[in-house]
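Novice: If you scroll down you'll find the structure; I have some questions about it.
The values are calculated or read from the model by the stated rules, or taken from the named source; none is laboratory data. Just so you know, these numbers come straight off a predicted model, no measurement behind them. Note: ideal-geometry Cβ built from the backbone for every residue, glycine included; neighbour counts use all protein chains shown.
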Amino acid sequence: MIKFQLKNSKTFVKCIFIGSILVSLYLVVNKTLYRGNQPIDYVNPYMGNISHLLVPTFPTIHLPNSMLRVIPAREDYTTDHLNGLPIVTTSHRGSSAFNLSPYQGPKSKMNPVVNYSYDHESIKPYCYEVYLDDAEIQVRYGVSHQAGMYRIDFTKNEPPYLLINNRKGEIKISNGVVSGYQTISNNIRKKEQTNIFVYFETDQEPIETGLLHDGELIKSQSGEGKNQCAVLKFADNIKQVNIRYGISFISEEQAQNNLYREIEGFNMEAVLEKGEQSWNKALNKIKVKGGSEDEKTVFYTSVYRTYERPVCISEDGRYFSAFDGMVHEDNGAPFYTDDWIWDTYRATHPLRVLTEKKMETDIIKSFIRMAEQMPDFWMPTFPEITGDSRRMNSNHGVATVLDAYVKGIEDFDLGNAYLACKNAITEKTLAPWSGEPVGDLDEFYRTFGYFPALREDQKEYSPLIHSFENRQPVAVTLGTVYDEWCLSEIAKILGKEEEHKYFFARSYNYRKIYNSDTGFFHPKDDRQEFIYPFDYKFSGGMGARKYYGENNGWIYRWDVPHNPADLIQLMGGRNTFICNLDQTFNESLGRNKFSFYAQLPDHTGNVGQFSMANEPSLHIPYLYNYAGQPWKTQKRIKSLINMWFRNDLMGVPGDEDGGGMSAFVVFSQMGFYPVTPGSPTYNIGSPFFERTTIDLGDGKVFEIIANNLSEKNKYIQSATLNGEDLNKPWFYHSDIMNGGILKLEMGPKANKIWGSSEEAAPPSAKNIF
C-alpha cells in the first residue's frame, strides 16, 4: 500500500477530479475496445458495392435469414439520388415492394416517389441512417425479422407528409393506418404470383389523409392498380414521426400480428439493440484471433453475406408457398426459400452444416416440401419467394441433400429427398432455364451420355431451349454427371444397389466429351463428333453459352469435383495435370480486355484464364492438393483472396449471389474448403488467422491453430489433427464432428514434401471400370 498525505483540500479535489477523468477515459476506451471485439463491428456492407463489371453486392439491412430485407432505393452505389426509402426488398438483386417518401412542401409538387439528394449515409446490417440534404430530412431505420421502423426528423417550417407508394396492388387508409399488398411475379414462370402485405402505423396522428392520383391529392381512402400512393399529412408543428410496420406473405392481419410480435411501441433503440444482438449471436459462431483489421473485416463481412439467404418465411407457424399458391402449417419446422442453389451448394450449404445444423435441416425439409407442393415432385433448382425459377443449369439440390446427410444431418426423409432429386434429374429436361418435362435432347443424353451441341452454322430446333438461352451442352453434361454421382451415393445409403450402380456408372460420362488430343472438355454434336474449328477461350458466343455457361472452356476443364483423381489420369498423370493447372493461371486473355469482357462479362477477376468472379472456379485452386503440390494451393489461396477480396467498394470480384462466393472466402480464410459437396472431406489451404474457433453446437468446437503465422509465413511446414501427425492436405468431417484441433506450423518457404505423396491425395469417386 502506498501512503501519502494531502496538503490541502484543494489538492484533494484536484485528485478526485483527475481520477474521475482517468476512470471515464478508461471506461470509454475499454468500451471501444470491447465493441471492437464484437464481430458485427467488422462487417462492412459497402464492400463490393461497385462492381467490376456486372452485378455488385448490395448493402442489405436485415437480420440473419430474415424475411424482411431492405436495400437503399438506388440503382447502385454510384447513383447520385435515392428513389424514396425502401419498405421491403424481394430479392438480393435490389427489387423492392412499396416505397416510403417523407416530404415537406406544397401539395402541387408531390410525387408518388420522391427523388432525393442525400449525404452522410451509414449502414450496418441492422441499421440504416441517411440525411436527405436538399429536403433537410434526417432518416434512421431499424429492422427486425418481419417488421421494421423508420424515424423521420423534419426540419423545414413547412407541412410534413408521408407518402407510401405501391407499384402494383392495393392500398388502404383507415384511422391513420396504411395497409395493402403488392403483387410480384416469377420472371420465368409467369403464372406464379405472390402478394406482399403490409401494415403501417405512426406515432403521430395525421390531420389529413388521402391518395395521390395524377398529381392531385384526393380524399379517397383506398385504391387498386398500378402506382397507388397513400398520403398522410401531419400538423405543422410536428418535427419527428416514427413509423413502424409489419410485412406478411399471408394477409394484412398477419402483417399486423408480425409487427406487434416483434416491435413494441416506437422504441428505435430497442429495435437496434435486438438487431445488434441477433447479428453478434450469428457471427460469433466463428471466432478469429490474429490477422489484420482488414482481413477480419473481409472475413466477417463474408460471413454476413452467407446469412442473406435463404429467408425464413414462417409466420406464427404458417407460411405462404408460391410453389402451390396456398398457406400451410409449418408444424414446427420453419419454411425457407429464396436460395440460388447453383451458387450456394458449393460452399454456403456446407458452411451451415458446420455452424447452423438446425437451420440447414429445416432448409432441406423446405426443399422437400417445395417438391411435394409442385405438380411433378421435382426438387427445386432456384427456389425464390415467387416459386422455382429454374434458372441456370443442372439440379444441384441433390448435392445439398447428400452433403448434409453424410456429415451427420439426418433429421429429414432421405428417401423422399432422393425421389425428388431423381425426378428432377431424369424427368425434367436438362435444358438450361427450363421447367419442361424431358424431351428429345434428354433422350439423347440418356442414350449417349452427353448433351448434344449445335455447330456454329446450325439453328436451334429443340422447343426445350428457352428463347433467350442456348444449350450450354458441356456445362449441362459436367453438372449432370456430378448430380448423378450424388444420386448414386444416396442410392447406396438407401440400399438401392441397382440404382447406385446405374448412376455411378453414369457419373463417369464426362469422359464422353473429354478430348484427349487437347486435354479439354469439348462439345460434341449429335453425330458423336467433336465440333471443329474450336477455341476454348472464345467459341460459344455471348458468355460461351452455346457450349459452356458464363465461363469458357478453360474453367470447365476442371469441372469434375467428384473425381479429380480420374481427371488426373485422363490428362496423363500428375505432372501434366499440374502443368495444365499452372497454365490456367498463366494463359493470356487472348484479346484486349474490352473484347474479352464484351463476350465473357461473368468471367472477371482474372488471373490468366482463371476467373475468381464466378462460382465454377471456386474449387480450382485446391486441385493442386490432388496432384502432390499442396504448397501451390497454399500460395494461390493467399494470393487470390488478397488480390480480389478487399475491404473497399470494389472488394468483391463478381456476382456474389447471396453467399455463394462469400462462403468460399469464409472457408478459405479459416484454412480449409469442401471441394466436393457430398463427400465428407475438406481440403486444407492456408489460414489467415492465428486461431479460428468454430462453434459446432452442443458444446463442441473445432479449432484451427496456425503457429508462427504471418504475411510471409503462409506455407504449411507440418500439421497435427487432434494430436496426431497429419501428413496429408485433407481430413474427414468425422475427424472434427465431435470437436477437434487442427494445428499447422507455418513458415516462409514451401515444404514441398508435406502432403505430396500419392497416398496423401484427397479421395475421389472410386473407379469401377
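Novice: What residue, among those in segment 705-745 that are in contact with a helix residue (DSSP H, G or I) (Cβ under 9 Å, 6 or more places away or on another chain) and not in a loop (DSSP other than H, G, I, E, B), is nearest to Tyr626 (Cα to Cα)?
Specialist: Here the residue is Trp730.
Novice: Among the residues of segment 277-286, what is the count of those that are in contact with a Phe, Trp or Tyr (Cβ under 9 Å, 6 or more places away or on another chain) and within 16 Å of Phe667 (Cβ to Cβ)?
Specialist: Number of matching residues: 2.
Novice: If you don't mind, another one. Sort out which residues of segment 240-255 are in a helix (DSSP H, G or I) and in contact (Cβ under 8 Å) with a residue 60 or more places away in the chain, and write them in order of number.
Specialist: The initial filter retains those residues of segment 240-255 that are in a helix (DSSP H, G or I), namely 252-255.
Within segment 240-255, Glu252, Gln254, Ala255 qualify.
Novice: Can I ask one more? Do we find that Ile364 is modelled with pLDDT under 95 and not assigned by TED's automatic domain parsing to the domain that holds Thr194 in this structure?
Specialist: Details: modelled with pLDDT under 95: no; not assigned by TED's automatic domain parsing to the domain that holds Thr194: yes.
So Ile364 does not fit the description; no.
Novice: Which residue, of Leu259, Leu217, Leu272, is part of a strand (DSSP E or B) and surrounded by 14 or more Cβ atoms within 10 Å (Cβ to Cβ)? It would help to see each step written out before you state the result.
Specialist: On the way: Leu259 fails: part of a strand (DSSP E or B); Leu272 fails: part of a strand (DSSP E or B).
It is Leu217.
Novice: Being in a loop (DSSP other than H, G, I, E, B), buried (at least 18 other Cβ atoms within 10 Å of the Cβ) and modelled with pLDDT under 95, is that true of even one residue in segment 28-38? First the steps, then the outcome.
Specialist: Filtering segment 28-38 down to residues in a loop (DSSP other than H, G, I, E, B) leaves 37-38.
Remaining after also requiring buried (at least 18 other Cβ atoms within 10 Å of the Cβ): none.
Within segment 28-38, none of the residues are in a loop (DSSP other than H, G, I, E, B), buried (at least 18 other Cβ atoms within 10 Å of the Cβ) and modelled with pLDDT under 95.
Novice: A further question on this structure: Between a first residue in segment 553-582 that is in the same structural domain as Ile620 (by TED's automatic domain parsing) and a second residue that is crowded, with 23+ Cβ neighbours inside 10 Å and charged (D, E, K, R), which pairs have beta carbons less than 8 Å apart while being 6 or more apart in sequence or on different chains?
Specialist: Correct list of pairs: Asn580/Arg557.
Novice: Working only within segment 400-446, note down all residues that are surrounded by fewer than 23 Cβ atoms within 10 Å (Cβ to Cβ), within 20 Å of Pro680 (Cβ to Cβ) and without any contact (Cβ under 8 Å) to a residue 60 or more places away in the chain.
Specialist: Ile409, Glu410, Asp411, Phe412
Novice: Let me ask something else. Scan the helices (runs of 4 or more DSSP H) fully inside segment 407-504 and keep the ones with 2 or more residues being among the aromatic types (Phe, Trp, Tyr) and over 27 Å from the mean Cα position of the chain (by Cα).
Specialist: 440-448
Novice: Quick check on Pro375: is it in the same structural domain as Phe672 (by TED's automatic domain parsing) and either at pLDDT below 95 or surrounded by fewer than 22 Cβ atoms within 10 Å (Cβ to Cβ) (or both)? It would help to see each step written out before you state the result.
Specialist: Details: in the same structural domain as Phe672 (by TED's automatic domain parsing): yes; either at pLDDT below 95 or surrounded by fewer than 22 Cβ atoms within 10 Å (Cβ to Cβ) (or both): yes.
Criteria met by Pro375.
Novice: Here's something else I'd like to know. If only one of Arg455, Arg471 is under 17 Å from Gly541 (Cβ atoms) and surrounded by 14 or more Cβ atoms within 10 Å (Cβ to Cβ), which one is it?
Specialist: Values: Arg455 fails: surrounded by 14 or more Cβ atoms within 10 Å (Cβ to Cβ).
Of the residues listed, the single one that is under 17 Å from Gly541 (Cβ atoms) and surrounded by 14 or more Cβ atoms within 10 Å (Cβ to Cβ) is Arg471.
Novice: Lys233 passes all but one of (1) touching a Phe, Trp or Tyr at 6+ places or on another chain (Cβ under 8 Å); (2) crowded, with 22+ Cβ neighbours inside 10 Å; (3) within 30 Å of Val114 (Cα to Cα); which number fails?
Specialist: Status for Lys233: all satisfied but (2).
Novice: In segment 272-287, is there at least one residue being over 18 Å from Ser66 (Cβ atoms) and touching a residue at least 24 places away in the same chain (Cβ under 8 Å)? Break it down stepwise before answering.
Specialist: Taking segment 272-287 first, the residues over 18 Å from Ser66 (Cβ atoms) are 286-287.
Next cut, touching a residue at least 24 places away in the same chain (Cβ under 8 Å) only: 286-287.
Yes, some residue in segment 272-287 is over 18 Å from Ser66 (Cβ atoms) and touching a residue at least 24 places away in the same chain (Cβ under 8 Å).
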